[in-house]
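Trainee: Below is a structure I'd like to ask you about.
The values are calculated or read from the model by the stated rules, or taken from the named source; none is laboratory data. Owing to the predicted nature of the structure, the values given are computational and were not obtained by experimental measurement. Here Cβ is always computed from backbone atoms with ideal geometry, including for glycine, and neighbour counts include all displayed protein chains. To get the accessible areas, we keep the full protein, side chains included, count just its heavy atoms, and leave off ligands, DNA and RNA. Shrake-Rupley method; radii C 1.70, N 1.55, O 1.52, S 1.80 Å.
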There are 4 protein chains.
Amino acid sequence: MTADPETKLRADARRNRDQIIAAAKEMFAAQGPDVPMEEIARRAGVGVGTLYRRFPDREALIRAVAQHNFALVLEEARAAAREEPSAWQALVRLLRQSRELRLSVQLALVSPLAWTILRNDAKTQEFRDAILDVLDGIVRTAQQDGTLRTDIGTGDVAVLVSLLLRRIPFAPDEDLLLDRALTLILDGLSARQGSPLPGAPTSAFDLMRAKHSRKEAPPGCA
Amino acid sequence: MTADPETKLRADARRNRDQIIAAAKEMFAAQGPDVPMEEIARRAGVGVGTLYRRFPDREALIRAVAQHNFALVLEEARAAAREEPSAWQALVRLLRQSRELRLSVQLALVSPLAWTILRNDAKTQEFRDAILDVLDGIVRTAQQDGTLRTDIGTGDVAVLVSLLLRRIPFAPDEDLLLDRALTLILDGLSARQGSPLPGAPTSAFDLMRAKHSRKEAPPGCA
Amino acid sequence: MTADPETKLRADARRNRDQIIAAAKEMFAAQGPDVPMEEIARRAGVGVGTLYRRFPDREALIRAVAQHNFALVLEEARAAAREEPSAWQALVRLLRQSRELRLSVQLALVSPLAWTILRNDAKTQEFRDAILDVLDGIVRTAQQDGTLRTDIGTGDVAVLVSLLLRRIPFAPDEDLLLDRALTLILDGLSARQGSPLPGAPTSAFDLMRAKHSRKEAPPGCA
Amino acid sequence: MTADPETKLRADARRNRDQIIAAAKEMFAAQGPDVPMEEIARRAGVGVGTLYRRFPDREALIRAVAQHNFALVLEEARAAAREEPSAWQALVRLLRQSRELRLSVQLALVSPLAWTILRNDAKTQEFRDAILDVLDGIVRTAQQDGTLRTDIGTGDVAVLVSLLLRRIPFAPDEDLLLDRALTLILDGLSARQGSPLPGAPTSAFDLMRAKHSRKEAPPGCA
DNA sequence: CATGAATGAGTCTTCATTCAT
DNA sequence: CATGAATGAAGACTCATTCAT
C-alpha cells in the first residue's frame, strides 16, 4: 500500500538495504539503539558510506527497523485472525506470538531516544493503528462469543500484549516464565469471572489518541 | 544494616552524595543510563569532580542508584507484609506499590549496559533476594488462606511484578491502563479458577538461581 | 622486511601516517612522551580522529615511533659495518652516529611510561636484538684485528652507546662536549692498555637476556 | 650556608617536610616527575593540604627535591676530596659514588619539564657550581700528580659523571654493567695515553656559563 | 594547622557524519 | 555507487589547586 523505499531499488541495492536492517535489528537487540553505526555497517558487510546513503542518519535507521518489525507483527496478527477457529484462540495465539516477536520489537521500546523518535513517526503509527484494528476485531468477536470479559476493551488487551514483550531481569529460563505469566494473564481475561475494573473499557481508539500529542517526550523526560 | 559508604562521611559530603543519587535517579529515568555525567552533576548542584570522587565511574553510579531503589522496594514490601490485614491484600498492595516505584526502578532495567552491570553486582543481588524472601512469605500465606492459586510459585508472582514495572509505549493515561492491567492480572492469580499452567510453580529460589550464572551478558547479546 | 602496517595503505593515508610519526618524534623529543595528542595531530596537519584511527592510543604511537627509530639505527649500524674499512672505524662511526641519533631515540628512553611500554613490545625487542647482532660482528672483528680490548664484550660497548645517547643537563655546546666524551671513551676501549675490569665481558646475549623478564617495571618502580 | 626553608620550623612541621621530600624523591624516581600530588601526599602520610602548605606548587616541590639531592652530591664530593689519599682516587670514588646517587638524581634529569624548572632555579645552580668547584680542585691536582690526562678539563669530567648517572634501557644487572663502563671510562681518562681530543679542555666555567642563558628551554624544545 | 572535599580546566578517546578516492 | 579515510564535536575522566571543616 505504502512502502516507497522498498520498491524501485536495484537488486543489489535492495539486498544491501535488507542486510543493513537485519544487522541493525540484531545489534539494537543486543546492545541497544546506540551501537556505533560503523559496527552495524560491518555486521551488514558494507561500508559506513553505504549505510548512510541508505539511511541519512541514525533516526532514519531506527524508524526503518521499527517499521520492519511492526510490519511483521501486523502480518502475524492478520494470520492469527484468519487462521484460528475462534477469536479466543486467535487472541491466545496473538499474545503468544507477540512474545516471540519480543526480541525484535523490544529494541524499539528500550531507549528514551527510540521512544521519542517512534512516537513522532507517522508510518510507525500507521502500523500500530493497523495492528490495533485487527486486535479490535478479535476482541469484539471474542466478547460476542462469550469467551472474553466484556468489561475490558481492545486497549486493555494491547497493554497486556505490550507487557509481555519485555525481558525479565536476571531470570533464568525466561521463556517458561513468560509462558506461565501469559497463562495467568489469560485466566484474568477469560469471561468466567470478574473483579470490578477501575475506569471504563479502554478502546483501541483510546490508545490511538496518543498520536495527537506528537512531539512529546516520554513522560518523565526532563 | 545500611551500607558502609553511606556512613562515616562529613555532613556536607553526605548531602552531596544524596543529591547526586537523587539527580542520577531522575535523569536515568528520563534519559536512560547514558546521560552525560556532567548533566547529572549539574542537576545535583555539584562539579563533575565531586561526582567522580564519590562514584569512580558510571558503573558505580548505576549500581548505587539501583541499590538505593531496591532498598526502597524492600522497605515497601516489608511494610505491606506487616501492615495489611491479609496476605492477599499485602499482595495487592505490593503489586500496586511496585507499580508506583516503576519510575525509579525501570531505569535500571532499561539498557543492556545497566543490565549487565547489575547482574554482576553482589549487593544488588542481595537486595533482590531479600525482596523475594518477603514476597515468598506473602505468597505462601495467601495460598494457605486459600486466596491465591496454589499452582503458582513466588517466582511467577515476581515475574508479574516485574512486568508491571515497565512503561507502556505511546500510551496516554498510562496509570489508569496499568491499574486495569493489574486488576486483570490479579484476577488471573486468584484462587477462584484455574487453567492448567505449563511447567511447575516457579519458586523464589528458581529466580535466585540466576545469581549462579554471573558474568553472563543478557540473553540476546552478541 | 618492513612491517605490515606500513604497506597496503591508500596513498594519502600512508602520507598521513608518516607525518604523524614524524610529528610525534619531534614532539616526544621536545616535550616528552606525554604531549597532548591533539598537539601531535595539529603538528602533523591532521585531525585527532585521524591520529587515533592510525594509532589506537598513545601507547601504540609510542611503540610506532620507537620502532621507526630503532629501524634507523639498525640501518646505520649495517651501513657502518659495510662501508668502513676497519672494524675499529666502524665502531667509531657507530658510536658517533648513534650520538647523532640521540635526539630521535632518547625520547623513548626518557619516561618510565615509555620504558615500560617498550620493554614489553616484541617488535622493539627484535630491532634491539638485530642491532646488537650487527654490533657483535663489529666487536669480534675489532678484537681479532687487535684494535679493541679483548676483556670486554658487545654488551659493554652497547652500554657505552646507550650512555652517549643522552642529553647533558644544563650544558652549553652539548655537541662538542659529547664529542670529547666519545673520544675519551674510545681511548678507554682501545687495545693499547688495560685496567682490570670487574666481572666478565658482557656479551650481546647478556643484554638480550633482558627480554626473558618481560612485563617488569623499570627497576626503581614501586 | 643558605637553606632558609630548612630552619625555623616546628619539629613536626619539619618532619612533615622531610617525609614529603623523601616520598617525592622515591615517586619521582619510580614514575617520573608528574606523579599525582595526592599520591606523593599519601606516601608521605599527610593530606594534600599539608603538602601544598609546604610547597606552593609542583615546581617548588621539584626544586626542593633537586636541591636536596644536589646537597647530598656536594657532601659526597667534599668527603671524597678530603678523605682519599690521592686526587685520582678521589676522582674514582666520585665517579663511582655519583653512580650510586644515580637513583636519586636522575629523577631531575628525566623530564623536559624538570629540566626547564631546574635550569632556572638559582639555588640549584649554586649547588651545581659548588660541586663543580670541588671537582675542579680534584681535577687540577690529579693533573699535577700526572695521573690525569692534561688535555681535558673539569667540564669533560663532569660530562662523564652525568653520563654515568643514567639508567640503561632494558638491561639486566645494571650495576655491574655500569661498573664496567666506569672502569673503561677511567681508562680513557688516565694519563697513560692520548688520542687527540676535539676542541679545548672544557673548564668548570664552561659549564657554569649555562646559567647566563636562563629561561631557555632545553635544546630541542619547540 | 591538618585534612580531605569541591572545583573545573585539560586530556584522552569515541563516533556520527562528510567527502575524497 | 561503494568504500573507508578524515574531521571535529561531545563526553568521560583525571588531577592541580583552593577552601571549608
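Trainee: Of the residues in segment C:138-179, how many are of a type in the set (A, V, I, L, M) and free of Cβ contacts under 8 Å to residues at least 40 places away in the same chain?
Mentor: If we filter segment C:138-179 for residues that are of a type in the set (A, V, I, L, M), which is where we start, we get C:138-139, C:142, C:148, C:152, C:157-161, C:163-165, C:168, C:171, C:176-178.
Filter once more, so that each one left must be free of Cβ contacts under 8 Å to residues at least 40 places away in the same chain: C:163, C:168, C:171, C:176-177.
Residues in segment C:138-179 being of a type in the set (A, V, I, L, M) and free of Cβ contacts under 8 Å to residues at least 40 places away in the same chain: 5 in total.
Trainee: I'd like to check something: does segment C:205-214 contain any residue that is out of contact with any strand residue (DSSP E or B) (no Cβ under 8 Å at 6 or more places or on another chain), within 9 Å of chain D (Cβ to nearest Cβ), under 18 Å from C:ALA80 (Cα atoms) and at pLDDT below 85?
Mentor: No, there is no match, as no residue in segment C:205-214 is out of contact with any strand residue (DSSP E or B) (no Cβ under 8 Å at 6 or more places or on another chain), within 9 Å of chain D (Cβ to nearest Cβ), under 18 Å from C:ALA80 (Cα atoms) and at pLDDT below 85.
Trainee: Then there is this: Go through segment B:27-38 and count every residue that is in contact with a Pro (Cβ under 9 Å, 6 or more places away or on another chain) and either open to solvent by 20 Å² or more (accessible area, probe 1.4 Å) or of a type in the set (Val, Ile, Thr) (or both).
Mentor: 1
Trainee: Then there is this: Just to be sure, is B:ARG99 charged (D, E, K, R), modelled with pLDDT of 90 or more and surrounded by fewer than 23 Cβ atoms within 10 Å (Cβ to Cβ)? First the steps, then the outcome.
Mentor: Values: charged (D, E, K, R): yes; modelled with pLDDT of 90 or more: no; surrounded by fewer than 23 Cβ atoms within 10 Å (Cβ to Cβ): yes.
No, not satisfied.
Trainee: For A:ALA24, work out the one condition from (1) near DNA strand E (Cβ under 10 Å from one of its atoms); (2) buried (at least 20 other Cβ atoms within 10 Å of the Cβ) it doesn't fulfil.
Mentor: Evaluating A:ALA24 over (1) near DNA strand E (Cβ under 10 Å from one of its atoms); (2) buried (at least 20 other Cβ atoms within 10 Å of the Cβ) leaves (1) as the failure.
Trainee: Here is a follow-up. Give me a count of the residues in segment B:58-72 that are hydrophobic (A, V, I, L, M, F, W, C) and within 8 Å of DNA strand F (Cβ to nearest atom).
Mentor: Summing the residues that are hydrophobic (A, V, I, L, M, F, W, C) and within 8 Å of DNA strand F (Cβ to nearest atom) in segment B:58-72 gives 0.
Trainee: With B:ILE168, B:ILE138 as the choices, which residue is within 19 Å of the chain's Cα centre (by Cα), in a helix (DSSP H, G or I), surrounded by 15 or more Cβ atoms within 10 Å (Cβ to Cβ) and at pLDDT 60 or above? First the steps, then the outcome.
Mentor: Numbers: B:ILE168 fails: in a helix (DSSP H, G or I).
On inspection, the qualifying residue turns out to be B:ILE138.
Trainee: Which number in (1) within 16 Å of DNA strand F (Cβ to nearest atom); (2) modelled with pLDDT under 90; (3) assigned to a helix (DSSP H, G or I); (4) under 19 Å from the mean Cα position of the chain (by Cα) marks the one condition that C:ILE21 misses?
Mentor: Result: C:ILE21 fails condition (2) only.
Trainee: Let me ask something else about it. Given the criterion in the same structural domain as D:ALA87 (by TED's automatic domain parsing), closer than 13 Å to D:LEU95 by Cα and crowded, with 21+ Cβ neighbours inside 10 Å, identify the matching residue among D:ILE185, D:ILE152. Before the answer, list the steps.
Mentor: On the way: D:ILE152 fails: closer than 13 Å to D:LEU95 by Cα.
None of the other options fit; the residue is D:ILE185.
Trainee: Please work out if B:ARG54 is more than 30 Å from A:GLN106 (Cβ to Cβ) and within 16 Å of DNA strand E (Cβ to nearest atom).
Mentor: Values: more than 30 Å from A:GLN106 (Cβ to Cβ): yes; within 16 Å of DNA strand E (Cβ to nearest atom): yes.
Spelling it out, B:ARG54 is indeed more than 30 Å from A:GLN106 (Cβ to Cβ) and within 16 Å of DNA strand E (Cβ to nearest atom).
Trainee: Report yes if D:LEU160 is more than 7 Å from chain C (Cβ to nearest Cβ) and under 23 Å from D:ASP136 (Cα atoms), otherwise no.
Mentor: no
Trainee: Under the condition of being surrounded by fewer than 19 Cβ atoms within 10 Å (Cβ to Cβ) and within 14 Å of chain A (Cβ to nearest Cβ), which residue from segment B:39-57 is nearest to DNA strand F (Cβ to nearest atom)?
Mentor: If we take residues in segment B:39-57 being surrounded by fewer than 19 Cβ atoms within 10 Å (Cβ to Cβ) and within 14 Å of chain A (Cβ to nearest Cβ), then B:GLU39 is nearest to DNA strand F (Cβ to nearest atom).
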